[in-house]
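This report refers to the structure that appears directly beneath it.
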Amino acid sequence: MKNQSSVTEFKLVGLSSHPEHQMLLFVVFTFIYMAALAGNILIILTITANSSLHTPMYFLLINLSLINILSISVSVPKMLLNLLEHRKTISFLGCIAQTCLFTWTLGSETLVLAAMAFDRYAAICHPLHYTLIMKRGVCVGLIAGAWIAGVANSVVHTGLVLQLSFPCSIVINHFFCELPPVIRLSSSDTSLNEILTTLSDSTFGMGSCAIILISYYIILRTILKIHSPEGKKKAFSTCSSHLIVVSLYNSTVIHTYVHPYSADRDKVITVLYSVITPALNPIIYCLRNKEVREALRKLRRRLGLFQRQ
């Protein structure tokens, strides 16, 4: 813990250093944060309350919503507080906590999205064996593996960060403590951190993308063999929401962690996958999924009945 003797807090530049932008940013990100929380909680409640949605696909969706809630709650509340106080600082332990939790959610989300792609592959390419392939034990194992792998990855990176030394006064050109900018500002040798970060990115990011691309390649081949236009439309509709979410999330994450570092550009891209995507996911699944829309209507009618009583 040698770094604790040289640094007690970090200063965060935030999204903008202009005072006139602070209140606008506070209003915008407060709205996005509340919308993300409300949307993801609504998804969880809707699936839990409707027995017809107790299927592997929606079990995976519940876990994606839980990760989205945790992910956006790691960075945005502290950012909003800093916008109000105009100090834009975070304690050493607070920074380590943000790095640990966000690295956890980042790794777990990529694996959950890969599991969702495999689920769609099983449903469309092997419909007669779907219940056998995606039985309860398999679903629980996939999700447990995603969460545990995310935790293990986070613990390794966080433990290595704790071994680094930092200058007494340090400014992070970001709106929260994400792993890459924190490592770059250390005064210690960070070669091991960088090697393991690259290895982790390859394992989680590229591995997840490979599973998703292979799954959807086989899915597309299967769909093209369907003769009925109605059958093709139904098959596409079952995976279109997930494909949109995967495209939004993976493209921005991979761009940030693989592309050469640029603080100002990376801050904007990080906003997309850490803030915007968790807010958009519930909207995408609700608008493009007929079963979820119907379950939402049932939940609204049920709540309306309770209110009248």
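Structure notes:
- Flag for PHE10 being buried (at least 21 other Cβ atoms within 10 Å of the Cβ), on the phi < 0 side of the Ramachandran plot and hydrophobic (A, V, I, L, M, F, W, C): yes
- Among (1) hydroxyl-bearing (Ser, Thr, Tyr); (2) over 26 Å from ALA146 (Cα atoms); (3) more than 22 Å from the chain's Cα centre (by Cα), the one test that THR30 misses: (3)
- Qualifying residue in region 202-213 (condition: free of Cβ contacts under 8 Å to residues at least 60 places away in the same chain, surrounded by fewer than 19 Cβ atoms within 10 Å (Cβ to Cβ) and assigned to a loop (DSSP other than H, G, I, E, B)): no
Every read-out reported here was derived from the displayed coordinates using simple, explicitly stated rules and does not represent laboratory data. These numbers come from a predicted model, not from an experiment. Counting neighbours? That spans all protein chains shown, and the Cβs are built from the backbone with ideal geometry, glycine included.
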